[in-house]
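Read through the structure below, which is laid out as structure tokens, and then see the notes.
The values are calculated or read from the model by the stated rules, or taken from the named source; none is laboratory data. All figures in this text were calculated on a predicted structure; none of them were measured in a lab. Every residue, glycine among them, receives a Cβ derived from its backbone with ideal geometry; neighbour counts consider all protein chains shown.
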Amino acid sequence: MSKRSPACRSNAQTAPGDPREEGHQVAVPADRPLPRPTRQRRRAKADRGLPPGAELVRLAAEYLRVQRRHWPGLVHAGLLPEATDAALAGMVEDLKHRHRTGQIDPQQIRPFLKFCSKLGGSGRRRSRGTVGLA
């Protein structure tokens, strides 16, 4: 029976301060498993496709900025609020609720009908690799 010399394999994962960052290879013995990356928590199934909260706040602020410029009548009627922290937080929570449940309260849009009688919206989702017609 012949003795095998311990084979080595390189590890592609690096940590800050690791000598491999400078192009050096560190050998890992073949009989040891490669280190696994730390696992991230899985998102709840209902939250998949939902951007992080900070992104939603920025999206809500930009939405209000643009809509307030285009719809001054809605601003004067009080239907498009200032982009305060409370208003943005309410918008984010409302979007999360609609995303998770798929339910929209039609009574929320009734005040807007006075300014725009033909109001509609769509929240279509597509999977990667599918082609859809809009």
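Taken over the range 50-104, the residue count meeting the criterion of being loosely packed, with under 14 Cβ neighbours inside 10 Å, in contact with a Phe, Trp or Tyr (Cβ under 7 Å, 6 or more places away or on another chain) and not in a helix (DSSP H, G or I) is 0.
Quick check: anything in the range 62-70 among the aromatic types (Phe, Trp, Tyr), modelled with pLDDT of 85 or more and over 20 Å from the mean Cα position of the chain (by Cα)? No, the range 62-70 contains no residue that is among the aromatic types (Phe, Trp, Tyr), modelled with pLDDT of 85 or more and over 20 Å from the mean Cα position of the chain (by Cα).
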